[in-house]
Amino acid sequence: MADQVSINCDIGESFGTYSKGSDATVLPYVTTANIAAGFHAGDPHVMHETVARAMTEDVDIGVHPGLPDKLGFGRRKIDITPTEAREYVVYQLGALQAVAATKDATVTHVKPHGALYSILSESEQHARAVIEGVIDVDPTLTYLATDMNLYEVTTEYPIDAVFEGYVDLDYRDDRSVIIPKRKEARDPALVADRFVEIATEGTVESATGTTLDIPADSICIHGDTPNIVELLEAIHQRIEGTDIELVSLTEQI
């Protein structure tokens with residue numbers, strides 16, 4: 001039996017005259033796109049362009065909501081209430097849904113970004129507020145859970161959830177992810193090996209060498225990792241001849 005896994009990528013993070021990532025060259029390698037919606041990155045023009053590109057590549061379209069902090073790329077924590085977290089996510093989800101509607105596309109999922117994800121992981125109140133907000137907008141959406149804390153909260157709600165793992169970021173021993181302020185190029189061979197390990201064994205080594213259980217069905221590659229295309233090429237080459245089958249996020253529900 002094949003090990004089915006989706007590759008999700010955070011994209012659409014350029015805005016104005018500021019260019020970030022390599023969306024056009026990344027999309028052919030992934031199955032699922034998490035599109036920025038204007039708070040931490042992205043703008044209306046980039047959103048339209050990114051949705052159109054994702055449709056051309058037959059890639060699932062989801063929203064990647066962040067904190068309203070473009071200067072910090074959404075990676076700086078802001079003191080917000082659970083209600084504010086909910087409203088930020090609902091606002092960005094609605095924006096991407098409107099863009100998608102103009103192209104007869106469907107938004108399939110939600111995946112929080114950066115510091116917002118960290119806030120949701122650390123505060124159950126914030127996590128519940130966001131999940132309930134997503135359900136109020138569209139209960140058929142899938143929640144892409146960025147760590148086990150969030151995944152476990154989603155199991156209490158009538159919403160589909162998929163747990164994701166990371167191969168271009170490192171883990172602490174408690175299974176939380178180390179998010180650097182600046183992304184650096186990663187070793188393609190190491191990233192490809194991690195991808196196979198998570199997809200087939202559900203494990204990965206932490207930064208200290210501890211083996212962690214990461215039972216992920218979707219694996220994230222970040223669009224702003226400097227050598228992302230090289231990493232994706234290495235992953236695709238590495239899984240040739242294995243039982244790993246790349247599928248879309250919607251195929252996993």
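The values are calculated or read from the model by the stated rules, or taken from the named source; none is laboratory data. What you see is a predicted model; the values in this text were computed from it and never measured. Using ideal geometry, Cβ is built from the backbone for each residue, glycine included, and neighbour counts are taken over all protein chains shown. The accessibility values were calculated without ligands, DNA or RNA, using every heavy atom of the protein model including side chains. Shrake-Rupley method; radii C 1.70, N 1.55, O 1.52, S 1.80 Å.
Residue 148 meets each of the listed conditions (1) under 18 Å from residue 116 (Cβ atoms); (2) open to solvent by less than 20 Å² (accessible area, probe 1.4 Å) apart from (2).
Selection of first residues in region 13-27 that are within 11 Å of residue 49 (Cβ to Cβ) and of second residues that are in a helix (DSSP H, G or I) and of a type outside the set (A, V, I, L, M), restricted to Cβ pairs under 7 Å at least 6 apart or on distinct chains, gives the following pairs, ordered by first then second residue: 23/50; 23/53; 24/53. You will find that of 44, 68, the residue that is open to solvent by 10 Å² or more (accessible area, probe 1.4 Å), in contact with a His (Cβ under 8 Å, 6 or more places away or on another chain) and within 24 Å of residue 134 (Cβ to Cβ) is 68 and no other. Restricting region 165-208 to residues that are in contact with a Phe, Trp or Tyr (Cβ under 9 Å, 6 or more places away or on another chain) and open to solvent by less than 40 Å² (accessible area, probe 1.4 Å), the residue that is farthest from residue 247 (Cα to Cα) is 206. Can you find a residue in region 121-134 that is out of contact with any strand residue (DSSP E or B) (no Cβ under 7 Å at 6 or more places or on another chain), modelled with pLDDT under 95 and either part of a helix (DSSP H, G or I) or farther than 21 Å from residue 60 by Cα (or both)? Yes, region 121-134 has at least one match. Does region 50-61 contain at least one residue that is among the hydroxyl-bearing types (Ser, Thr, Tyr), in contact with a Gly (Cβ under 8 Å, 6 or more places away or on another chain), closer than 24 Å to residue 145 by Cβ and open to solvent by less than 10 Å² (accessible area, probe 1.4 Å)? Within region 50-61, one or more residues are among the hydroxyl-bearing types (Ser, Thr, Tyr), in contact with a Gly (Cβ under 8 Å, 6 or more places away or on another chain), closer than 24 Å to residue 145 by Cβ and open to solvent by less than 10 Å² (accessible area, probe 1.4 Å).
For beta carbons closer than 9 Å, sequence separation of 6+ or different chains, a first residue in region 181-206 that is free of Cβ contacts under 8 Å to residues at least 40 places away in the same chain and more than 14 Å from residue 222 (Cα to Cα) and a second that is open to solvent by 60 Å² or more (accessible area, probe 1.4 Å) and in a strand (DSSP E or B), the qualifying pairs are 194/205; 197/205; 202/213; 203/211; 203/213; 204/211; 204/213; 205/211. Is it the case that residue 238 is more than 16 Å from the chain's Cα centre (by Cα), open to solvent by 70 Å² or more (accessible area, probe 1.4 Å) and closer than 14 Å to residue 5 by Cβ? Yes, satisfied.
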